[in-house]
Amino acid sequence: MPGLTGRERTLRALAFDETDRIPVVGGFVRHPAFLAGTAGVAVDEFWTDPQAVAIRAFRNLGADVIIGLILPQRESAIGAQVGHQPATRFASPEAMLDEIAQLPSFTALHRAFDCQQAYNQYLALYADGQTAVGDDMLWIPNTFHCVAQFQNEGYFGA
């Protein structure tokens, strides 16, 4: 079993098969200076291709799998994450209710949802990421864009 690639190691672990060691997960570090330094480049170079530099950094750290590569936002105050949201952006509870009333109904959202299109988009996201990391690592894209929001306190208020 020695000589497993990160991809093989991760797939074996996910199947509860024996591995040579526990797979190392990468993907959730969002600090540009850390990622750039670990990849051996300057921060300015990081911003020219954040995904490629982040993948190189995780490879240098010995990651076997990248789960949900969430890249830093350049426009945030520290570059590592989206800036802190104010408690609410609404002038009053009534203003918030007015906006909520304008949102589409669940029925309308359900009617407009194209399951095959969403599936195809996810497959493309997986294939593109797997191409980016190569055959020796496994890419598992995040699905944060299609789950119920758990941080709406920054949008609707605390």
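The values are calculated or read from the model by the stated rules, or taken from the named source; none is laboratory data. Note that the coordinates shown come from a computational prediction; the quantities given were computed from them, not determined experimentally. Reconstructed Cβ throughout: ideal geometry from the backbone, glycine too, with neighbour counts over all protein chains shown.
Quick one: residue 44 ticks every box in (1) part of a helix (DSSP H, G or I); (2) of a type outside the set (A, V, I, L, M, F, W, C); (3) at pLDDT 95 or above bar one, so which box is it?
Here residue 44 meets the rest and fails (3).
If a residue must be at pLDDT below 90, within 27 Å of residue 53 (Cα to Cα) and in contact with a Ser or Thr (Cβ under 9 Å, 6 or more places away or on another chain), how many such residues does region 126-158 contain?
0
Considering only residues of region 60-99 that are assigned to a helix (DSSP H, G or I) and either hydrophobic (A, V, I, L, M, F, W, C) or at positive phi (or both), which is modelled with the lowest pLDDT?
Within region 60-99, the match that is modelled with the lowest pLDDT is 96.
Return the pair list, or none, for Cβ contacts closer than 6 Å from residues in region 21-49 that are closer than 21 Å to residue 137 by Cα to residues that are surrounded by 14 or more Cβ atoms within 10 Å (Cβ to Cβ) and of a type in the set (Lys, Arg), at least 6 apart or on different chains.
Short answer, once both residue conditions are applied: 23/9; 39/56.
Can you tell me which residues in region 93-141 are within 30 Å of residue 10 (Cα to Cα) and loosely packed, with under 10 Cβ neighbours inside 10 Å? Don't jump to the end; show me each part of the working.
As a first pass, look at region 93-141 and keep what is within 30 Å of residue 10 (Cα to Cα): 115-141.
Passing the criteria: 115, 116, 117.
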